[in-house]
Amino acid sequence: MPDPTPAPIDADSRRNLVRLLRVAYPHPRFPDGPYERTADAIIGQVDDSLWQRLVLSEGLTSLDARATADGQDSFVDLDDETALGLLRKLEDSEFFRFIRSVAVVTLYDDAEVHQLLGYEGPSFEQGGYLHRGFDDLDWLPNPRIEEYHGPEHLIEVAPDDEPTHASTQA
Amino acid sequence: MTHDTSSQKPNPNQRSDAEHLPSQQEHYGASIDHDEEAVVIVGSGAGGGTLAYELTAKGIPCVVLEAGPYLMPEDYENDEWASFKQMAWLDGRTSSGPYRVARDWPRLPAWVVKAVGGSTTHWSGATPRFRAHEFRTRTYYGDIEGANLLDWPITLEELAPYYDRAERAIGSTHRHGRPPLPANNNYKVFANGAEKIGYRFYATGPYGTNAEPYDGRPASIQDGFNFQGDKSTAKWNTAVREIPRAIKTGKCDLRCTSQAVQVTHDAGGRVNAVLYVDKAGALHRQAAKVVCVAGNSIESPRLLLMSASALHPDGLANSSGQVGRNYMRHLTGSVYARFDEPVHMYRGETMAGIIADEARQDTSRGFVGGYYLETLSLGPAFLAAFVDPGLWGPEFTEVMDAYANTAGMWIVGEDLPQQTNRVTLNSAVRDQWGLPAADVWFQDHANDVAMRNHGYGRADLLYEAVGAVGVHHTPPYPATHNLGTCRLSERPEDGVADRWGQAHDVPGLFISDGSQMTTGGAANPSLTIVALAIRQAEFIADQLGKGAL
Ligand SMILES: Cc1cc2nc3c(=O)[nH]c(=O)nc-3n(C[C@H](O)[C@H](O)[C@H](O)COP(=O)(O)OP(=O)(O)OC[C@H]3O[C@@H](n4cnc5c(N)ncnc54)[C@H](O)[C@@H]3O)c2cc1C
């Protein structure tokens, strides 16, 4: 029986994928590492599914064909705006939706990305943030933390909304 | 008699009663014979866990069947996806209908927990009470087209003493002498904005996490991971308080990774046993004189629907046809605002910030019912997934890039019960045991939409008042509050259970979780679920004592 396995994702396809991720999730601050890790996670996911492998490998190769139509040799040569425009046309395709679904839970679940975004990650082992800035915001005054005990009262039911006898019977 | 733990001396070194228990065993506590007619409780969350403790403390033997494992505080992870995979209910389930969750999360209608402690393991801790009129919405809101409103068979006055006890059990801040939590960064933005737009009724609670040592558990270290279980145990949940104490009574037989699959009755129609599957898939029968169903508002109706019999062809306790209907998920919407200055919203207690000014009935706003605004924070991993599913490109990365300068809040309000919002069995999708999965069909009522839009508008004003440079409206995500699918009613034809939560048409069967809520109120539900469970335990104990059950 002939082997129906599509060609494995080759280096060119992986390069397209990394570029696609950077265009779809543009963070000028991010180095290539997080995008490459995300690309590898996406490639790793298709091992178990022939359908996803077909979709991904065909999708990545055909990006170059789309780029040629735009007068460039390959997808990676397109400038950001042209590449973004190309992806917008593919937005609803199985190919792009699959990439997006993995990318959004992978790219931002990455220690380096957390650091780049200013998120400090696990904290319990360091004693939480109790002594590490949970209340260090200093551009606003310190607000009240107790419940309000002033002269105003919360009106639970507006006078006009008190049920009339008639509506009680309805 | 339950003992009042508020008089216990705090010991800051003690972590919780759960600390002395081994992790992830299949069985804890007493061994009750399978043929002994016990009180059988399905689920160990807010409702089931509370009931287990209250009943065993009164000397009544209980078998607790819990579908998930018993994770201990040391098992909890400071990592959003790892924690989600560890404890969320991920067995087959579907969402359907016009609401956006069906498109974005077709297999995840709800974000709830499958572990001892139930969703109180994930919960953040906001504990407002219902207001008096929220128990009487048919009277106050009138006959609204498309809504299936009904007054509760009980009043605030009747529940008030149990609210007191629930607040003491949970250790709610701002209540019964418990001090408030301090202001974290997210709260500073939230409360300053609130003050600026004229709100008055804001505070850092009431909130179910210790500001100082209480009840044998320590004060919060503001680690920002209370959705992930809270390793410090400063946060109340039934896995660190009620369940270990129930085990200590010697009367509680806790069977973990044991999923109830059918509740059966005798020839006279009385409940008589629960069938359940263990970890290996083997089916067991536990005899019962009382069965309390507390699997949360998707699994509880699913279990009753799977328990159809010749006497109850449409599902157990479903003579009214209301089992699974009137599913409510609370309004839900979030707003994330970007500032020029840092916020670091993730540091500290996630939801220790509550504004109550909009939680009132005032139809001049264009809708019935009310809502709370509460601080909310997600890490980048969850924010990316939930902020606007499907969004990508520069519009998306603009939100993510501003992470460190972002403040967040949640809109939680009363959504209207509708007959067609409904949990049914989806025989096309099976769980790992081959049983039909639950399907949740949902559509917003026009009133829900009007209220949510009002909430978004108020949140925008609030954040703009303190200098927001951009705001993002996050749509409802998989439901954390699931309510109403086995509702209480005065008359048997209007609902599933009576004023004590006992099924109208099946003696000995009780509904003991959020599914009994006749309407949802604006308040986060857990305090009410715990109060109802304490009250129900008293009733069951009284009736057992009199030989009436
Ligand atoms: C992230 C998050 C934050 C939240 N924050 C708040 C908050 O701030 N304030 C608030 O009031 N509420 C909050 N909630 C909601 C709160 O957790 C729930 O409303 C509450 O726990 C529901 O109680 P319950 O008894 O109905 O169900 P649960 O607590 O979910 O317990 C149900 C249990 O039953 C088990 N089970 C289900 N089916 C079966 C079966 N067939 N056999 C055996 N066991 C079964 C489940 O595994 C689970 O352990 C939050 C929830 C989440 C997820």
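For the charge dipole of the protein assembly as shown, defined by +1 on Lys and Arg C-beta atoms and -1 on Asp and Glu C-beta atoms about the Cα centroid, which residue among A:Ser93, A:Tyr35, B:Asn210 has the Cα displaced farthest towards the positive pole?
It is B:Asn210.
Compare the Cα positions of B:Ile534, B:Gly353, B:Gly43 along the charge dipole of the protein assembly as shown (+1 at Cβ of Lys, Arg; -1 at Cβ of Asp, Glu; about the Cα centre) and return the one farthest towards the positive end.
The residue sitting most towards the positive pole is B:Ile534.
Residues with beta-carbon under 11 Å from that of B:Tyr463, excluding B:Tyr463: net charge, scoring Lys, Arg +1 and Asp, Glu -1?
+1
Please state the charge dipole magnitude for the protein assembly as shown, taken about the Cα centre, from unit charges on C-beta atoms (+1 on K and R, -1 on D and E), reported in debye and rounded to the nearest 20.
1540
Give me a comma-separated list of calculated 3J(HN,Hα) values for the stretch B:46-54, in order, Karplus coefficients 6.51, -1.76, 1.60 applied at θ = phi - 60°, integers in Hz, x for any Gly or Pro.
3, x, x, x, 5, 4, 4, 5, 4
How large is the helix-only mean residue ellipticity at 222 nm for the protein assembly as shown, computed as the sum of -39500 (n - 2.57) over DSSP H runs with n ≥ 4, divided by its residue count, in deg cm²/dmol to the nearest 500?
-9000 deg cm²/dmol
Which order do you get for B:His473, B:His133 if you rank them by accessible area with a 1.4 Å probe, largest at the top?
B:His473, B:His133
Out of residues 5 or more away from B:Val261 or on other chains, whose amide H comes under 5 Å of its own, with H placed 1.01 Å from N in the peptide plane?
For B:Val261, whose amide H was placed from the backbone, the distant partners under 5 Å are B:Leu275, B:Tyr276, B:Val277.
Give the separation of the Cα centroids, the stretch B:225-271 to the stretch B:159-184, in Å.
The distance from the Cα centre of the stretch B:225-271 to that of the stretch B:159-184 comes to 23 Å.
Can you list the GluC sites (Glu not before Pro) in the stretch B:123-191 that are in a DSSP coil and have 15 or fewer other beta carbons within 10 angstrom?
Qualifying residues, ordered by number: B:Glu145.
Mind jotting down the distance between the C-alpha centroids of the stretch B:349-403 and the stretch A:96-170, whole Å?
Using only Cα atoms, the two centres lie 7 Å from each other.
Please compute, for peptide B:344-350, the average count of beta-carbon atoms on other protein chains lying within 10 Å of each residue's beta-carbon.
Counting other chains' Cβ atoms within 10 Å and averaging over B:344-350 gives 6.
Suppose accessible area is computed on protein heavy atoms with a 1.4 Å probe; arrange B:Lys289, B:Lys235 from highest to lowest.
Highest to lowest solvent-accessible surface, that is B:Lys289, B:Lys235.
Could you order B:Trp392, A:Trp51, A:Trp139 by accessible surface area, starting with the largest, using a probe radius of 1.4 Å?
The most accessible residue leads, giving A:Trp51, A:Trp139, B:Trp392.
Specify whether the C-alpha gyration tensor of the stretch A:16-120 places it in the rounded, prolate or oblate class, a ≥ b ≥ c being the square roots of the eigenvalues: rounded for a/c under 1.5, otherwise prolate if a/b is larger than b/c and oblate if not.
oblate
Please list, ordered by chain and number, the residues whose modelled amide H lies under 5 Å from the amide H of B:Cys292; skip anything fewer than 5 residues away on the same chain.
Amide H neighbours of B:Cys292: B:Val40, B:Ile41, B:Val42, B:Phe510.
Grab the beta carbon distance between A:Ser101 and B:Ala267, set R0 = 56 Å, and tell me the FRET efficiency rounded to 0.05.
Taking R0 as 56 Å, the efficiency between A:Ser101 and B:Ala267 is 0.60.
Taking the Cα centre of chain B as origin and charging only Cβ (+1 Lys, Arg; -1 Asp, Glu), how large is the dipole, in debye to the nearest 20?
With Lys and Arg at +1 and Asp and Glu at -1, about 460 debye.
Solvent-accessible area of A:Asp73, probe 1.4 Å, all protein chains present, reported in Å² to the nearest ten, please.
Ignoring ligands and nucleic acids, A:Asp73 comes out at about 130 Å².
Can you return the lysines within cross-link range of B:Lys279? Criterion is Cα-Cα under 18 Å, with same-chain partners fewer than 8 residues away left out.
B:Lys85, B:Lys114
Once you put a point 7 Å from the Cα of B:Trp433 and another 7 Å from the Cα of A:His153, both along the Cβ direction, what distance in nm separates them?
Modelled inter-label distance: 5.3 nm.
Please report the accessible area of B:Asp143 (heavy atoms, 1.4 Å probe, ligands and nucleic acids excluded) in Å², nearest 10.
Counting only protein heavy atoms, B:Asp143 exposes about 130 Å² to solvent.
Two-decimal Rg/Rh of chain B from alpha-carbon positions, Kirkwood Rh?
Rg/Rh: 0.95.
Of B:Met306, B:Ala287, B:Asn318, which is farthest on the positive side of the dipole of the stretch B:262-321, counting Cα position, with +1 on Lys and Arg Cβ, -1 on Asp and Glu Cβ, and the Cα centre as origin?
B:Ala287
What's the average, rounded to a whole number, of partner chain beta-carbon atoms within 10 Å of each residue's beta-carbon in B:131-138?
2
If you add up the charges near A:Arg88, with Lys and Arg at +1 and Asp and Glu at -1, over every other residue whose beta carbon is less than 14 angstrom from its beta carbon, what do you get?
-2
Keeping all protein chains in the complex and leaving out DNA, RNA and ligands, what accessible area do you get for B:Asp388 with a 1.4 Å probe, in Å² to the nearest 10?
The accessible area comes out at roughly 30 Å².
Expressed in nm to one decimal, what extension gain is obtained for the pair B:Asp33 and B:Leu283 from 0.36 nm per residue of sequence separation less their Cα-Cα distance?
88.5 nm
Given points 7 Å out from each Cα along the Cα-Cβ axis, report the A:Trp139 to A:Asp80 separation in nanometres with one decimal.
Those two pseudo-labels are separated by 2.3 nm.
Place a +1 charge on the Cβ of each Lys and Arg in chain A and a -1 charge on the Cβ of each Asp and Glu, then give the dipole magnitude about the Cα centre in debye, rounded to the nearest 20.
640
Where the centre of each part is set by its Cα atoms, how far does the stretch B:465-508 sit from the stretch B:106-152, in angstrom?
Cα centres, the stretch B:465-508 to the stretch B:106-152: 3 Å.
The values are calculated or read from the model by the stated rules, or taken from the named source; none is laboratory data. Bear in mind the structure is a predicted one, so any value in this text is a computation, not a measurement. Neighbour counts are summed over all protein chains in view; Cβ atoms, including those assigned to glycine, are modelled from backbone coordinates with ideal geometry. We work out accessible area using only protein heavy atoms, side chains counted, and drop any ligands, DNA or RNA first. Shrake-Rupley method; radii C 1.70, N 1.55, O 1.52, S 1.80 Å.
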